[in-house]
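Data first, discussion second: the structure below is written as structure tokens.
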Amino acid sequence: MKSGNPIDLTFGDQLKQYVYDILGCCQRVHQGMGPFLNEYMYQDALEIELSEQKIPFVKEYTFCVHYHGKPIKHTHRVDFKVKEYAFLECKAVEKLGNEERQQLWSYMRLSKTRIGILYNFAPIKDQCEKYYLDIDSQRIIAF
């Protein structure tokens, strides 16, 4: 992640408010399902939870990248596009690492999606990382 100026407090509060209900859904799924399950089980439960909370989403949101104005044949798939501006990547690993972060950051940059949430359901205590993409500088900033 590139370093830079932190997000101003007002904007940071707006970001936190934007993802608050999404994170609540993730937490309820983790509490209800428990740790150590397959990633797909958490995704299916999260689909139910997001629907019940009436939060708009697309599961397995697919997008393509263009090079020199032409689409690249390979598409990318994000676990969830939630609301209008957030990607949510679900993981079920021992702990989050650079590989998981880089995957989410690449998806954010390639699609110009402003908010990314990386949520790890597997550990006893769930893990969550939230990121913001500054489109102008292409910097990814944790919040």
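Rule-based calculations on the coordinates, nothing more; no lab input. Since the structure is predicted, the reported quantities are computational estimates derived from the model, not experimental observations. Cβ: placed from backbone, ideal geometry, glycine included. Neighbour counts: every protein chain shown.
A few remarks follow.
- For the chain, excluding the exposed loop sites themselves (GluC sites (Glu not before Pro), DSSP loop, at most 14 other Cβ atoms within 10 Å), the longest remaining stretch covers 1-83.
- Highest-MSF residue in the chain out of Lys112, Lys130, Lys81 [GNM, Cα springs under 10 Å]: Lys112
- A DSSP coil position with no more than 15 other Cβ atoms inside 10 Å describes the following chymotrypsin sites (Phe, Trp or Tyr not before Pro) in the range 27-79: Phe36.
- The alpha-carbon atoms of the range 62-103, seen along their principal axes, cover 39, 24, 13 angstrom, with the largest extent given first.
- Entries of Lys16/Lys70; Lys83/Lys125; Lys73/Lys125; Lys16/Lys73 with Cα pairs more than 31 Å apart: Lys16/Lys70; Lys73/Lys125; Lys16/Lys73
- The chain: calculated mean residue ellipticity at 222 nm from DSSP helix runs of at least 4, using -39500 (n - 2.57): -12500 deg cm²/dmol
- At an R0 of 22 angstrom, the distance between the Cβ atoms of Asn98 and Ser137 translates into a FRET efficiency of 0.60.
- Scattering curve values for the range 9-142, log₁₀ I(q)/I(0), Debye with Cα scatterers, q = 0.09, 0.12, 0.15 Å⁻¹: -0.26, -0.46, -0.72
- Nearest 10 degrees, 0 to 90: helix 39-52 Cα axis against the chain principal axis: 90 degrees
- Proportion of all alpha-carbon pairs of the range 99-143 beyond 13 Å (%): 52 percent
- Compared with the dominant Cα axis of the chain, that is its longest principal axis, helix 9-33 is turned about 40°.
- Per-residue extension of 0.36 nm, minus the Cα-Cα distance of Thr10 and Ser51, leaves a gain of 11.8 nm for this segment.
- According to the calculation over all Cα-Cα pairs in the range 18-73, the P(r) per 10 Å bin from zero is 20, 40, 20, 17, 3 %.
- For the chain, built as a Gaussian network whose Cα springs stay under 10 Å, the top-fluctuating residue of Cys128, Cys64, Cys26: Cys64
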